[in-house]
Amino acid sequence: MSRGIVIGRFIPPQTGHVAMIRTALAMVDRLTILVCWQPDDVVPVQLRLDWMREMFPDARVIGREAPSPKVSAENPARWAAIVRDVHPERIDQLFTSDRSHAPLAAELRTRFIMIDPDHRAVPAWSNRIRADPWGNWRFLPPAVRHFFARTICLHGPESTGKSTLAPQLAAHFDTLYVPEYGRTYCEEYGLSLGMGDLVTIGRTHAALTQALLRQCNRRLFLDTDPMMTAAWADMLFDWRDPWFDAFSGTADLYLLLDIDMPWVDDGTRFFGDDGRRRRFFDLSLAELERRGLNYRIIGGPPEQRFERALAAIADAGL
């Protein structure tokens with residue numbers, strides 16, 4: 001059985017790493033990926049381990065608190081001891097794109113395999129991605145994108161233009177949006193909702209958001225989220241399931257749509273009178289304020305809301 005190893009920090013893993021590791025997997029019977037970490041790393045080690053295990057299920061992925069493997073040239077014996085500690089079996093090949101690993105390979109008495117050392121096949125560098133992740137988006141594997149993507153949620157009561165605005169914004173930014181799952185649910189199962197239905201709506205919407213964060217282009221727009229479903233619970237039942245207050249996957253920016261436009265009954269709406277509509281807006285606002293979330297209020301005629309939303313997104317730096 002031939003064994004190989006890849007060593008790196010992978011902050012973050014990028015498509016150059018993917019090409020190198022897939023090449024290595026094809027060249028040995030068993031591959032180990034050693035993820036080095038330090039307590040102050042900008043990307044938590046557990047997240048990097050999870051990414052690598054997801055992307056390379058056929059490899060053994062392990063983590064070790066250790067300095068950057070670039071220092072192996074300065075003290076290859078020390079680094080060889082680290083490697084042998086986590087990989088006591090014989091290592092037949094050390095795969096890398098970094099020439100500074102050559103002394104470590106010699107210390108380990110293993111074959112030194114360079115893969116795209118000059119980044120000609122894949123012109124990606126992790127430090128450049130950290131400095132400008134959006135400018136280097138094409139070099140981020142789908143599993144990693146959610147860490148660098150930003151979510152912008154359309155928030156507020158029914159009949160304020162959220163479902164019209166979400167696809168417009170997604171098209172403008174050449175990305176995706178998460179449709180309002182509550183509408184899908186009501187169209188499928190009817191309007192007789194219980195608290196369990198609302199929890200199902202919130203959980204499904206959150207799960208779909210996580211799935212689309214892997215496929216979006218830098219930004220992901222949300223046509224509401226569980227925060228809005230919590231406001232629905234308050235409106236319908238004057239209480240909410242604890243799941244809603246435990247929800248932590250809040251968006252980077254909320255665009256709270258004002259109620260200064262006509263209410264239209266489309267068959268899935270509940271609260272059309274002025275008093276309940278105002279209460280619904282106040283509850284929506286209170287949810288954002290209570291959690292200290294970043295938000296902008298978008299009002300005015302429907303035809304102006306798109307431009308005002310763009311201005312709010314720019315003002316928030318997103």
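Overview of results
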item: Placed amide H near residue 219: partners under 5 Å, 5+ positions off or other chain; result: 150
item: Distance in nm between pseudo-label sites at residue 106 and residue 147 (7 Å out along the Cβ direction from Cα); result: 3.3
item: Distance between modelled label sites at residue 1 and residue 252, nm, 7 Å Cα→Cβ extension; result: 4.3
item: Principal-axis tilt of helix 76-86 within the chain, Cα atoms, nearest 10 degrees; result: 60
item: Positive dipole terminus of the range 3-133, leading residue within 79, 15, 113 (C-beta point charges); result: 113
item: Length released on extending from residue 278 to residue 304, taking residue separation times 0.36 nm less the Cα-Cα span; result: 7.2 nm
item: Computed magnitude of the charge dipole of the chain (debye, nearest 20; Cβ of K, R +1, Cβ of D, E -1); result: 1580
item: Angle in degrees between helix 195-213 and the longest Cα principal axis of the chain, rounded to the nearest 10; result: 40
item: Semi-axes of the equivalent ellipsoid for the chain, Cα gyration tensor, largest first, Å; result: 50, 19, 16
item: Rounded to 5, the percent of DSSP beta bridges in the chain classed as antiparallel; result: 5
item: Label point distance in nm, residue 85-residue 125, each placed 7 Å from Cα along Cα→Cβ; result: 3.0
item: By average C-beta atoms within 10 angstrom, highest first, the peptides 94-101, 126-133, 247-254; result: 94-101, 247-254, 126-133
item: 9 Å beta-carbon shell around residue 37, net charge (K/R +1, D/E -1); result: +1
item: The chain - mean residue ellipticity at 222 nm from DSSP helices (-39,500 (n - 2.57) per run, n ≥ 4, rounded to 500); result: -13500 deg cm²/dmol
item: Sites residue 261 and residue 19, calculated FRET efficiency, Cβ-Cβ separation with R0 45 Å, nearest 0.05; result: 0.35
item: Debye, to nearest 20: dipole size of the range 3-133, +1 on Lys, Arg Cβ, -1 on Asp, Glu Cβ; result: 240
item: The range 3-133: C-alpha gyration tensor shape, a/c 1.5 cut-off, then a/b vs b/c; result: rounded
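Every read-out reported here was derived from the displayed coordinates using simple, explicitly stated rules and does not represent laboratory data. For clarity, every value in this text was computed on a predicted model and none was experimentally measured. Methodologically, a virtual Cβ is constructed for each residue, glycine included, from the backbone with ideal geometry; neighbour enumeration extends over all protein chains shown.
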